[in-house]
Amino acid sequence: MYEFAPVLGSAVDRGIRPVLRFVHTRLGLSPAQVTWASFWVSAAAAVVFATGSVMPALMLMAIGQLLDALDGGIAREFGLVSEAGHRLDTWLDRASEIAIFLGCAVGGLVSVRLAVLASVAVLLLTTIVDRSKLDPGVKRFALYFGIWVPYPLIFSIVFIVNLSAYVVGLLVIDCRFQRDMDALGGDLNTVASRAARLGTP
């Protein structure tokens, strides 16, 4: 959850260390099990959103996000960090968000079109975020502001922010690639030619 703010993640881990130890050592739950628990609670929130009951849905969503904060903390605390765990956490997070967005649409809080657009923007950003290291984090959390702000406006913001971050992320990746090519003393064709020559007996 805090891949892009490791200092914040470390501070949070220290603050909730007793909880992390209780969940893992006393309850015997692995990071993956906590990740799945977070997903199912979030799926329940989506179902409640679909009924139009906003406050109970937000409460369930908050519980799901608290669990989502625990899985990574347990992995870091007990040396269980892995690429497989990171992928599971990422894709179940996205599945949770899409389920909640669609639940909001079914519940009449926002149009299906806006819910789908926001989901697509979030998924696009996810495809490059590990390389760009740019994630504004405007996803589920923005829905809490629905208490004061109309949900169509919130979903429009989620769409615009995530799509903009996707475009900027692509530019960041391209600039880094060009910088690496420049450091090698030429353009891509030059580097490829050198590699080909080195591979020639």
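The values are calculated or read from the model by the stated rules, or taken from the named source; none is laboratory data. Please read these numbers as outputs of a predicted model, since none were measured by experiment. Cβ sites come from the backbone with ideal geometry, for glycine too, and all protein chains shown count toward neighbours. What goes into the accessible areas is simple: the full protein's heavy atoms, side chains included, and nothing from ligands, DNA or RNA. Shrake-Rupley method; radii C 1.70, N 1.55, O 1.52, S 1.80 Å.
Considering (1) open to solvent by less than 60 Å² (accessible area, probe 1.4 Å); (2) basic (Lys, Arg); (3) in contact (Cβ under 8 Å) with a residue 40 or more places away in the chain, say which one ARG76 fails and leave the rest.
(1)
Being open to solvent by 90 Å² or more (accessible area, probe 1.4 Å) and closer than 16 Å to GLY79 by Cβ is the filter here; which residues of the range 18-33 pass it? Steps first, please.
Going through the range 18-33, the residues open to solvent by 90 Å² or more (accessible area, probe 1.4 Å) turn out to be 18, 21-22, 26-27, 33.
Matches in the range 18-33: ARG21 only.
Quick check on the range 143-156. Is at least one of its residues open to solvent by less than 60 Å² (accessible area, probe 1.4 Å), without any contact (Cβ under 8 Å) to a residue 12 or more places away in the chain and either in a helix (DSSP H, G or I) or within 24 Å of SER111 (Cβ to Cβ) (or both)?
Yes: the range 143-156 contains one or more residues that are open to solvent by less than 60 Å² (accessible area, probe 1.4 Å), without any contact (Cβ under 8 Å) to a residue 12 or more places away in the chain and either in a helix (DSSP H, G or I) or within 24 Å of SER111 (Cβ to Cβ) (or both).
Can you confirm whether LEU124 is modelled with pLDDT of 90 or more, touching a Phe, Trp or Tyr at 6+ places or on another chain (Cβ under 8 Å) and closer than 26 Å to ALA84 by Cα? If you could, list the steps in order and put the result at the bottom.
Working: modelled with pLDDT of 90 or more: yes; touching a Phe, Trp or Tyr at 6+ places or on another chain (Cβ under 8 Å): yes; closer than 26 Å to ALA84 by Cα: yes.
Yes; evaluated as a whole, the condition is true for this residue.
Assess whether ALA44 counts as being in contact (Cβ under 8 Å) with a residue 24 or more places away in the chain, aliphatic (A, V, I, L, M) and farther than 20 Å from GLY137 by Cα.
Working: in contact (Cβ under 8 Å) with a residue 24 or more places away in the chain: no; aliphatic (A, V, I, L, M): yes; farther than 20 Å from GLY137 by Cα: yes.
Against the criterion (in contact (Cβ under 8 Å) with a residue 24 or more places away in the chain, aliphatic (A, V, I, L, M) and farther than 20 Å from GLY137 by Cα), ALA44 does not qualify.
Could you list, ordered by first residue, the pairs with Cβ atoms under 7 Å in which the first is in the range 172-184 and within 21 Å of LEU134 (Cβ to Cβ) and the second is open to solvent by less than 90 Å² (accessible area, probe 1.4 Å) and at pLDDT 85 or above, at least 6 apart or interchain?
Listed pairs, sorted by first residue: VAL172/SER132; VAL172/LEU134; ILE173/ILE128; ILE173/SER132.
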